[in-house]
Amino acid sequence: MNKTKGIASLGAVALLLAACGEDDGEYPSSDLEYIVPYDPGGGADPVGREFSTRLADELGVGATVENLPGGDETVALTDLFGGEPDGYRMSLASHTGLITQPLLNEDLAYQSVDDYSPIVRMLEVPDALFVPEDSPYETLDDFIEAARENPGEITVSAGGQLNEAMLMLLELEEQADIDLNLVAMSGGGEAGTAVLSGEVDAAGVTAAGQMGNVEDGALRPLAHVGTPEFNDSLPGAVSFEEAGYDIPFQTAYMVVAPPGIDDDVLETLEAAALEVAESDEWAEWAEENGYLPSPIAGDDLAEWLRGEEELYQEAVESAQDSDIEEG
């Protein structure tokens, strides 16, 4: 046998085997591509990076993270949902991009949960009402009493015209029969900065984004959305629930993917994502960072999202008629 030909044949076989190994029909056989629909460094960014790393480990592959901000998540989600449904490309998402924006923009390529593949809900992010450390309002009752005595004079910021925190404040106005001077900032960070600087009297923002200011004593939490179990994370605060207010709006972080994923691939991806979201390690990370683990996946997640779509449709329609100042 010609030695050169033999070596060449062995090389061809090796290349063929390598090619088969790259895509042998098994899922997964390559790294995940994970989108975070916000700039690096924001509150959502560490959630996406942490979960994508754990999900990739569970699947036995790697993960690359791409920050694709813009349009309150719609830039990333529109790009994702129009892409290849191969189970490798996915994105972090929240109520803002999945529910609120379609309600405001009927021209979006996606309008409901039927237009994408919901994979897992891994966290809920309680919004809370904060005042600065030198505020005269020591409790939620103090705040409500002052608002009733001084209608329209207490200024409260939130990170958007129709984000979950603003919906929380609008609902509080209605249920407590108070009139607040509501100011929509360009984001939660700006809303938090406004209350720290004294530009506003209070702020409705995510609890996770203000944990450092609470620990430093710069901000005082008065109340939060969610159950009383979260009180331990916000010393001195009460849940709106135990104060007698039914405020259902709470940000949730989810993983979503394009529609039309192969059933077997989708089942594998959902199972791995739920395994991570239900793990003690993920719960520990979430609680340390001011989040509530809330794992749900697949059909159960789709059903929950349909309920949220109905809930938010009513709230957004009502909020659009509200008097909200631009900050």
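The values are calculated or read from the model by the stated rules, or taken from the named source; none is laboratory data. Bear in mind that the values here come from a model prediction, so they are computed numbers and not experimental data. Please note: Cβ atoms are built from the backbone with ideal geometry, for glycine as well, and neighbour counts cover all protein chains shown.
Those residues that are surrounded by fewer than 20 Cβ atoms within 10 Å (Cβ to Cβ) and either under 14 Å from the mean Cα position of the chain (by Cα) or among the hydroxyl-bearing types (S, T, Y) (or both), I need them from segment 28-42; list them, please.
S29, S30, D39, G42
For segment 177-226, give me the residue count where each residue is in contact with a helix residue (DSSP H, G or I) (Cβ under 9 Å, 6 or more places away or on another chain), under 23 Å from D72 (Cα atoms) and among the charged types (D, E, K, R).
Here the count works out to 0.
Could you give every pair whose Cβ atoms fall below 7 Å, whose first residue belongs to segment 132-156 and is assigned to a helix (DSSP H, G or I), and whose second residue is at pLDDT 95 or above and aromatic (F, W, Y), counting only separations of at least 6 or pairs across chains?
F143/Y137; A146/Y137
Give D280, D263 a once-over and let me know the one that is more than 30 Å from Y110 (Cα to Cα) and either outside the structural domain of P118 (by TED's automatic domain parsing) or surrounded by fewer than 21 Cβ atoms within 10 Å (Cβ to Cβ) (or both). Reasoning before the result, please.
Working: D263 fails: more than 30 Å from Y110 (Cα to Cα).
Being more than 30 Å from Y110 (Cα to Cα) and either outside the structural domain of P118 (by TED's automatic domain parsing) or surrounded by fewer than 21 Cβ atoms within 10 Å (Cβ to Cβ) (or both) holds for just one of D280, D263, which is D280.
If you scan segment 144-155, which residues turn out to be in contact with a strand residue (DSSP E or B) (Cβ under 6 Å, 6 or more places away or on another chain) and within 14 Å of L172 (Cβ to Cβ)? Steps first, please.
First, the residues of segment 144-155 that are in contact with a strand residue (DSSP E or B) (Cβ under 6 Å, 6 or more places away or on another chain): 152, 155.
Hits for segment 144-155: nothing passes.
Check whether at least one residue in segment 83-103 is modelled with pLDDT of 95 or more, in a helix (DSSP H, G or I) and touching a strand residue (DSSP E or B) at 6+ places or on another chain (Cβ under 6 Å), and report yes or no.
no
Quick check: anything in segment 294-305 in a loop (DSSP other than H, G, I, E, B), modelled with pLDDT under 95 and out of contact with any helix residue (DSSP H, G or I) (no Cβ under 6 Å at 6 or more places or on another chain)?
Taking every residue of segment 294-305 in turn, none turns out to be in a loop (DSSP other than H, G, I, E, B), modelled with pLDDT under 95 and out of contact with any helix residue (DSSP H, G or I) (no Cβ under 6 Å at 6 or more places or on another chain).
Give me the residue from segment 252-278 that is small (G, A, S) and touching a residue at least 40 places away in the same chain (Cβ under 8 Å) and, out of that set, farthest from E33 (Cα to Cα).
Step one: list which residues in segment 252-278 are small (G, A, S), which gives 252, 257, 260, 271-273, 277.
Cutting the leftovers down to touching a residue at least 40 places away in the same chain (Cβ under 8 Å) gives us 252, 257, 260, 272-273, 277.
On the way: A252: 21, A257: 11, G260: 17, A272: 15, A273: 14, A277: 19 Å.
Per the criteria, the residue is A252.
Counting only residues that are over 27 Å from V276 (Cβ atoms) and of a type in the set (A, V, I, L, M), which one in segment 96-136 is surrounded by the most Cβ atoms within 10 Å (Cβ to Cβ)?
Applying the filter and picking the extreme gives L129.
In segment 69-86, how many are free of Cβ contacts under 8 Å to residues at least 60 places away in the same chain, buried (at least 19 other Cβ atoms within 10 Å of the Cβ) and among the hydrophobic types (A, V, I, L, M, F, W, C)?
Total meeting the criteria: 1.
Has segment 104-123 got at least one residue that is assigned to a helix (DSSP H, G or I), more than 20 Å from I261 (Cα to Cα) and hydrophobic (A, V, I, L, M, F, W, C)?
Yes: one or more hits.
Could you list, in sequence order, all residues of segment 182-210 that are of a type in the set (A, V, I, L, M) and under 16 Å from L162 (Cβ atoms)?
L182, V183, A184, M185, A191, V205 - these are the residues of segment 182-210 that are of a type in the set (A, V, I, L, M) and under 16 Å from L162 (Cβ atoms).
Here is a yes/no grid of residues against (1) in a helix (DSSP H, G or I); (2) buried (at least 22 other Cβ atoms within 10 Å of the Cβ):
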| residue | (1), (2) |
| --- | --- |
| Q210 | yes, yes |
| N213 | yes, no |
| R220 | no, yes |
| E241 | no, no |
| E267 | yes, no |
| W285 | yes, no |
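Scan segment 56-63 and tell me whether some residue there is closer than 23 Å to V75 by Cα, surrounded by 18 or more Cβ atoms within 10 Å (Cβ to Cβ) and out of contact with any Leu (no Cβ under 7 Å at 6 or more places or on another chain). Give the derivation first.
From segment 56-63, those closer than 23 Å to V75 by Cα are 63; that's our starting set.
Filter once more, so that each one left must be surrounded by 18 or more Cβ atoms within 10 Å (Cβ to Cβ): 63.
The next check asks that each one be out of contact with any Leu (no Cβ under 7 Å at 6 or more places or on another chain); those that pass are none.
Taking every residue of segment 56-63 in turn, none turns out to be closer than 23 Å to V75 by Cα, surrounded by 18 or more Cβ atoms within 10 Å (Cβ to Cβ) and out of contact with any Leu (no Cβ under 7 Å at 6 or more places or on another chain).
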